[in-house]
Amino acid sequence: MQISSRFSVAVHVLSLLAMQQEDDVLLTSERMAGSVNTNPVVIRRLLGQLKKAGLVEVRPASGGTFLTRQPAAISLLDVYRAVEVVEEGQLFSVHDKPLPACLVGRNIQAALDTTLRRAQTAMEQVLAGVTLQQVTTEILTQENLKN
């Protein structure tokens, strides 16, 4: 099992918005979907979550989506929390019905709880330390290395 691709797609979309913001180009869900190589419906759902989190403004009539903050003020943790439906401290789950008559079954949850909580906290700290601006800078760096 793995974290869904919503997070990476959301970062992709926000990176597009950040980079197009300077060109004053309107980005529609269709254009974003083309870059992500997915259906525009997927992008619209994601944009709804990002809007609810206060990261984007969607203007359907004018056909554009815009960041509500500067890219340097948006952390990857903000994005993660906007699109991943994971309650605090619940990133990892241990199977719910182990056999209580088994030594491992009745103790596995307690044995893993602290470690899994620490792992989630560590991941969130890393995401909190990276901004959308850093991601777009890295995108441009990678492109320059190819040229």
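The values are calculated or read from the model by the stated rules, or taken from the named source; none is laboratory data. Since this is a predicted model, take the numbers as computed values, not measurements. Cβ placement follows ideal geometry from the backbone for every residue including glycine, while neighbour counts extend to all protein chains displayed. The protein model used for the area step is the full one, side chains on, heavy atoms only, and it has no ligands, DNA or RNA in it. Shrake-Rupley method; radii C 1.70, N 1.55, O 1.52, S 1.80 Å.
Before moving on, here are some points about what is shown:
- Looking across region 92-147, the residues that are assigned to a helix (DSSP H, G or I) and of a type in the set (D, E, K, R) come down to Arg106, Asp113, Arg117, Arg118, Glu124, Glu138, Glu143, Lys146.
- Across region 106-147, the qualifying residues are those that are of a type in the set (Gly, Ala, Ser) and surrounded by fewer than 13 Cβ atoms within 10 Å (Cβ to Cβ), and the one among them that is nearest to Leu67 (Cα to Cα) is Gly129.
- So Val79, is it of a type in the set (A, V, I, L, M), touching a helix residue (DSSP H, G or I) at 6+ places or on another chain (Cβ under 6 Å) and part of a strand (DSSP E or B): no
- Some residue of region 80-94 being open to solvent by 70 Å² or more (accessible area, probe 1.4 Å) and in contact (Cβ under 8 Å) with a residue 40 or more places away in the chain: no
- Every condition in (1) without any contact (Cβ under 8 Å) to a residue 12 or more places away in the chain; (2) closer than 12 Å to Leu14 by Cα; (3) assigned to a helix (DSSP H, G or I); (4) not polar (S, T, N, Q) holds for Met32 except the one numbered (1).
- Filtered residues of region 118-129 (kept if hydrophobic (A, V, I, L, M, F, W, C) and either out of contact with any helix residue (DSSP H, G or I) (no Cβ under 9 Å at 6 or more places or on another chain) or within 10 Å of Asp78 (Cα to Cα) (or both)): Ala119, Ala122, Leu127, Ala128
- Of the numbered criteria (1) under 18 Å from Ser5 (Cα atoms); (2) small (Gly, Ala, Ser); (3) touching a residue at least 24 places away in the same chain (Cβ under 8 Å), the one Gly64 fails is (1).
- Of the residues making up region 30-59, just one is of a type in the set (Asp, Glu) and in contact with a Pro (Cβ under 8 Å, 6 or more places away or on another chain), namely Glu30.
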